[in-house]
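Here's the structure we're looking at; comments come further down.
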Amino acid sequence: MSDLPASSADPIEDPLLAGLNPPQREAVLTTEGPVLMLAGAGTGKTAALTARLAHLVRSRLAWPSEILCVTFTNKAAREMRNRVGQLIGPAVEGMPWLGTFHSIAAKMLRRHAELVGLQSNYTIIDTDDQLRLLKQLIQANDLDEKRFSARQLAGLIDRWKNKGLNPPDLDAVENESYANGRGQQFYQLYQDRLKALNACDFGDLLLHMLNIFRSHREVLEQYQQRFKYVLVDEYQDTNQVQYLWLRLLAQVRKNICVVGDDDQSIYSWRGAEVANILKFERDFPGAKVIRLEQNYRSTPEILAAASGLIRANSERLGKTLWTERHPGDKLRVIGVWDGPEEARRIGEEIERLEREGAPLTQVAILVRAQFQTRELEDRFITIGLNYRIIGGFRFYERAEIRDALAYLRLIAQPADDLAFERIYNTPKRGLGDKTLEKLHRFARVTGAPLARAAIEIADSDELPARARNTLLALMRDFARWRDLAGQASPAELVRTVLDESGYTAALQTERTAEAAGRLENLSELARAIEDYETLGDFLEHVSLVMDNDAADDAEKVTIMTIHAAKGLEFDHVFLPGWEEGVFPSQRALDEGGLSALEEERRLAYVAITRARRRCTILHAANRRIYGQWTSSIPSRFIAELPESHVQQETTLTGGASLWRAQWSEHSDPFADVARAQPSRVMTRGPGWQRAAARDYDPTPRRLAEPGRSAASFAAKPRSDVAVGARVFHDKFGYGTVAAQEGNKLEIDFESSGRKRVIDSFVRLAD
């Protein structure tokens, strides 16, 4: 290593350390033994990690080939390599073990493939090949693929591999999670088939190497001796198999430095386990914990608000972010009446920022779920505000939305051949390419559209009986839907079509987070159609929206999910939809309980800390679902924000303070999920606005009905519910009112004991 300049005798003079603060320098210079670099949001962890890596090489503690440095993404690996190259020059080319978990595991597996029954030239299959292979196995074993889908099985296998489980390792619960106790069987069949094909999937790369390390000690010892130092980025995002793989490699030398933030662990849905970083000191006794707490991104107010929120979590190591930046604006919390007003308010705020000279590229809207973007997109199109969707498609470009629109287009215009081609076998009906080819040939000869050709050809012997019957059934469905289009509302029509076509059932069968998100998007589509009297009006609106795309070089507002925003930063951040059931997500709470609530809170922390100068949270009192209005309560996360760093600008006076008081009444925050139903459905009959606003005191400017004062909307107890009344609650069932205080009731429920609820969530028992 004579071509590398050695470090100065005085480490403070080392140019590698220039610009680093004391904890960062400590993280660079503490080279021996286990180190946990607990790096808060915006604290310069990448600079510290790259400087440490460069220091190990320049100080001649290790050859570049003796350092293992793993990241999660190819982008992160490229950035790391480039930054280290700027510090140590050409020596970075001698670092073959700097890369992603999967790329490094694949390199190892090429050398030892025969130990798991593969050849070194094995193929890594992608998701499409995996699904095709699983479908073949399902069909070969006479399993109903509609009921037990290949996509569901693929998700389960990926989860098992992330946990480091081989087929024999599955317990009874995991085995029962597919095909009534056949999970282990199909997992084993899949692994056997992969081996026969000399192939593996991405999950196998780490699992195979873990199996080799466990069963071939000499291979493990070879790598334990090779790697003098191990560095791991984003350690809070490691799953179980990655954790076990790393722990084995570092057990001998114990020179492992992991960098991460327990408060930013937000990927449990893809296998990440926050416990890995929390137990680092137990796994490596004597580990040194170095906290990077000086933030270079956000204002003191934003940091204080985020830190106050995350303190409510119990599963964390703890740190206090601070900054030398000048004070700025408090975090703003704005309460609005409904979803459309939320979109209007955000649009107005962004237009104001634009007039003040703020570039649109420094404005971001971060949502909890993709379906939230629809109202924002429609509003921005209306006012001519340029935007872009990051990490996904614009709402009307998403596959499930385009499928639903194709059904509607074909109902409105039977000659729409493009729409017919898109959905004639979506969801799967057993109609293949040969059937479509015959339809096209028949249509060309007769001059008829494909839908008409389908009816005609199904009345002949040109197709097998099964294909004929399927086509006829589909065409009968369309005839019935066209009749329905003249009688029902467009919203009722789209829900009927999605249900009767089997599209909804197909997504429900998948039982994946992706499928659940698609179902949410379809629900949002139904909400969008409610604003239009006819199907034709709505389809025309969609066409105009899709045609109204700004030039690629124009400045645009960024819209993305909070998950996709991790690692990014913007001057101005808007966070809409902070209501119970939306954020925290009710689906996440139902599936994950208290641990899911803590992850949702970490997600809120990540969202707030994306902002450099201003952060604005919005919540709506009402949202429309399936043609009916639901009243919502502000997210518990709003109540957990420190009041001294928050500026309330709600149009619903008393709303935030009311719910802050409600959340603080209970020592167990998760128990409130049961105590306070996040929403209730209200029909739009006479007085629906009064019912929706019962728990708020809205201002006259926006919410009072003509001829009615705002005071008439003030929160007050119901006159028809009194102590001793027998009532029914959707969550807790039947009970008797034991005490009443304002609009709060204490009820002795027959099956769940005494609970404290809001009177608007109960009704008198029949």
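The values are calculated or read from the model by the stated rules, or taken from the named source; none is laboratory data. Note that this is a predicted model, so its numbers are computed, not measured. Because the Cβ atoms are built from the backbone with ideal geometry, glycine has one as well, and the counts that use them run over all protein chains shown. These accessible areas exclude ligands, DNA and RNA; they are computed on the full protein's heavy atoms, side chains included. Shrake-Rupley method; radii C 1.70, N 1.55, O 1.52, S 1.80 Å.
Can you report the principal axis dimensions of the chain using only the alpha carbons, biggest first, rounded to whole angstrom?
83, 73, 58
Please state, rounded to one decimal and in Å, the Kirkwood hydrodynamic radius that segment 423-471 gives when every pair of distinct Cα atoms enters the mean of 1/r. Don't jump to the answer; show the numbers that get you there.
Details: mean 1/r = 0.0935 Å⁻¹.
Taking the inverse mean of 1/r over all distinct Cα pairs, segment 423-471 comes out at 10.7 Å.
Counting Lys +1, Arg +1, Asp -1, Glu -1, what net charge surrounds residue 598 among other residues with beta carbon under 11 Å of its beta carbon?
Taking every other residue near residue 598 into account, the sum is -2.
Ordered by packing density, taken as the mean number of other Cβ atoms within 10 Å over each peptide's residues, highest first, how do 23-36, 237-250 rank? Don't jump to the answer; show the numbers that get you there.
Working: 23-36: 19.6, 237-250: 21.3.
Final packing ranking: 237-250, 23-36.
For every other residue with a beta carbon closer than 13 angstrom to the beta carbon of residue 479, add +1 if it is Lys or Arg and -1 if Asp or Glu, then tell me the sum. Don't skip to the end; give the middle numbers.
Values: positive: 452, 476, 480, 482; negative: 477, 483, 500.
Surrounding charge for residue 479 is +1.
On a full-extension model of 0.36 nm per residue, what is the gain between residue 480 and residue 466, subtracting their alpha-carbon distance, rounded to one decimal in nm? Show your work: numbers first, answer last.
Values: separation 14, 0.36 × 14 = 5.04 nm, distance 2.13 nm.
Length gained between residue 480 and residue 466: 2.9 nm.
Can you pull the one-decimal nm distance between simple spin-label points at residue 145 and residue 456, each 7 Å off the Cα toward Cβ?
3.2
Run through every distinct alpha carbon pair of segment 540-649 and return the Kirkwood hydrodynamic radius in angstroms, one decimal place. Intermediate values should be presented prior to the final figure.
Working: mean 1/r = 0.0617 Å⁻¹.
Result for segment 540-649, one decimal place: 16.2 Å.
Based on Cα coordinates alone, diagonalise the gyration tensor for segment 561-616, multiply each eigenvalue by 5, take square roots, and list the semi-axes in whole Å, largest first.
Details: eigenvalues 102, 25, 13 Å².
Square roots of five times the eigenvalues give 23, 11, 8 Å.
So, taking all protein chains as they sit and a 1.4 Å probe, how much accessible area belongs to residue 429, in Å² rounded to tens?
40
In what sequence, highest mean first, do 448-460, 41-53 appear when ranked by Cβ atoms within 10 angstrom?
Values: 448-460: 18.3, 41-53: 23.2.
Per-residue mean Cβ counts within 10 Å order the peptides as 41-53, 448-460.
Name the residue from 141, 323, 631 whose Cα lies farthest towards the positive end of the charge dipole of the chain, charges +1 on Cβ of Lys and Arg and -1 on Cβ of Asp and Glu.
The residue sitting farthest along the positive end of the dipole is 323.
Of all the C-alpha pairs in segment 483-554, what % are more than 14 Å from each other?
On the way: 1731 of 2556 pairs.
Above the 14 Å cut-off, segment 483-554 has 68 percent of its Cα pairs.
Quick check on the chain: helices-only [θ] at 222 nm, where DSSP H runs of length 4 and up contribute -39,500 (n - 2.57) each and the sum goes over total residues. Nearest 500, please. Working shown, then result.
Values: 32 runs with 346 residues, N = 766.
Calculated from helices alone, the mean residue ellipticity at 222 nm is -13500 deg cm²/dmol.
Along its three principal axes, how long is segment 203-361 when you only count alpha carbons? Whole Å, largest extent first please.
66, 34, 31
Starting at 0 and stepping by 10 Å, how many percent of the alpha carbon pairs of segment 82-199 end up in each bin?
Reading upward from the zero bin: 11, 35, 28, 14, 8, 3.
Once Rh for segment 316-460 is found with the Kirkwood sum over Cα pairs, what is the Stokes-Einstein diffusion coefficient at 37 °C and 0.692 mPa s, in µm²/s? Walk me through the numbers on the way to the answer.
Working: Rh = 20.0 Å.
It comes out at roughly 164 µm²/s.
Can you give me the pair-distance distribution of segment 383-479, C-alpha pairs, 5 Å bins, whole percents?
All Cα pairs, binned at 5 Å, distribute as 2, 12, 22, 22, 15, 9, 6, 5, 4, 2, 1, 0 percent.
Average the reciprocal distances over every distinct pair of alpha-carbons in segment 168-258, invert the result, and give the Kirkwood radius in Å. All intermediate terms of the calculation are to be shown ahead of the outcome.
Details: mean 1/r = 0.0657 Å⁻¹.
Radius from the Kirkwood sum: 15.2 Å.
Output the Cα-based Rg and Dmax of segment 88-149 in Å, rounding Rg to one decimal and Dmax to a whole number.
18.4, 60
Lys/Arg Cβ at +1, Asp/Glu Cβ at -1, dipole of segment 511-600 taken about the Cα centre: which of 575, 564, 538 is farthest positive-ward?
Projecting each Cα onto the dipole axis, the largest value belongs to 564.
What figure in square angstrom, to the nearest 10, would you give for the accessible area of residue 87 with a 1.4 Å probe?
In the full protein context, residue 87 sits at about 60 Å².
At 4 °C and a viscosity of 1.567 mPa s, what translational diffusion coefficient does Stokes-Einstein give for segment 25-104, taking Rh as the Kirkwood radius over Cα pairs? Give it in µm²/s as a whole number.
Estimated diffusion coefficient is 100 µm²/s.
All other residues with a Cβ under 11 Å from the Cβ of residue 59 taken together, and with Lys, Arg as +1 and Asp, Glu as -1, what is their net charge? Please list the in-between numbers first.
On the way: positive: 52, 58, 60; negative: 14.
Charge balance near residue 59 sits at +2.
Got the relative contact order for segment 303-444 handy, in percent, Cα pairs under 8 Å and 6 or more residues apart?
Details: 52 pairs, mean separation 16.9, N = 142.
Reported as a whole number, the value is 12 percent.
On average, how much area does the Cα convex hull of segment 1-151 cover when viewed from any direction, in nm²? Can you show the working numbers first?
On the way: hull surface 54.3 nm².
About 13.6 nm², averaged over all directions.
Set the Förster distance to 25 Å, then compute FRET efficiency between residue 728 and residue 586 from the Cβ-Cβ distance, nearest 0.05.
Working: r = 21 Å, r/R0 = 0.83.
The calculated FRET efficiency here is 0.75.
About its Cα centre, how strong a charge dipole does the chain have in debye, to the nearest 20, once Lys and Arg get +1 and Asp and Glu get -1 at the Cβ?
Values: 101 positive and 108 negative charges, 194 e Å.
Dipole about the Cα centre, nearest 20: 920 debye.
In segment 261-352, how does Rg compare with the Kirkwood Rh, expressed as the Rg/Rh ratio over alpha carbon atoms?
Numbers: Rg = 18.2 Å, Rh = 16.6 Å.
Reported Rg/Rh (Cα atoms, Kirkwood Rh): 1.10.
Describe numerically, in nm with one decimal, the distance between label points set 7 Å from Cα along Cα→Cβ at residue 126 and at residue 355.
Calculated label separation equals 4.8 nm.
Express as a percent, rounded to the nearest 5, the fraction of DSSP beta bridges in segment 521-634 (both residues included) that run antiparallel. Write out the running numbers ahead of the final one.
Numbers: 5 of 11 bridges.
Rounded to the nearest five, the antiparallel share is 45 percent.
Equivalent-ellipsoid semi-axes (√(5λ), Cα gyration tensor) for segment 206-297, whole Å, largest first? Walk me through the intermediate numbers first.
Numbers: eigenvalues 124, 55, 21 Å².
Gyration-tensor ellipsoid for segment 206-297: 25, 17, 10 Å.
With Rg and the Kirkwood Rh both taken from Cα atoms, where does Rg over Rh land for segment 425-541? Walk me through the numbers before you get to the answer.
Numbers: Rg = 16.5 Å, Rh = 16.0 Å.
Expressed as Rg/Rh, it is 1.03.
Quote the charge dipole size of segment 291-420 about the Cα centre in Debye, to the nearest 20; the model charges only the Cβ of Lys and Arg (+1) and of Asp and Glu (-1). Can you show the working numbers first?
Details: 20 positive and 21 negative charges, 122 e Å.
The calculated dipole for segment 291-420 is roughly 580 debye.
Give me the dipole magnitude in Debye, nearest 20, for segment 306-382 about the Cα centre, with unit charges on the beta carbon: positive for Lys and Arg, negative for Asp and Glu. Walk me through the numbers on the way to the answer.
Numbers: 13 positive and 14 negative charges, 96 e Å.
Rounded to the nearest 20 debye, it is 460 debye.
Rg(Cα) of segment 158-197 divided by 2.2 N^0.38 Å? Kindly include the intermediate steps, with their values, before the conclusion.
Working: Rg = 9.9 Å, N = 40, 2.2 N^0.38 = 8.9 Å.
Ratio of Rg to 2.2 N^0.38 Å for segment 158-197: 1.11.
Could you tell me the relative contact order of the chain? Use alpha-carbon pairs under 8 Å, at least six residues apart, and round to a whole percent. Walk me through the numbers on the way to the answer.
Values: 1228 pairs, mean separation 102.2, N = 766.
Answer for the chain is 13 percent.
Under a 1.4 Å probe, what is the accessible area of segment 370-416 per residue, stated in Å²?
On the way: 1730 Å² over 47 residues.
For segment 370-416, the solvent-accessible area averages 37 Å² per residue.
Report the accessible area of residue 319, computed with a 1.4 Å probe over the heavy atoms of all protein chains in place, in Å² rounded to the nearest 10.
20
Please report, to two decimal places, log10 I(q)/I(0) for segment 316-381 at q = 0.18 Å⁻¹ as given by the Debye formula with identical point scatterers on the Cα atoms and no solvent.
Computed log10 I(q)/I(0) values: -0.88.
Of the beta bridges DSSP finds with both residues in the chain, what % are antiparallel, to the nearest 5?
Around 40 percent of the beta bridges assigned by DSSP in the chain are antiparallel ones.
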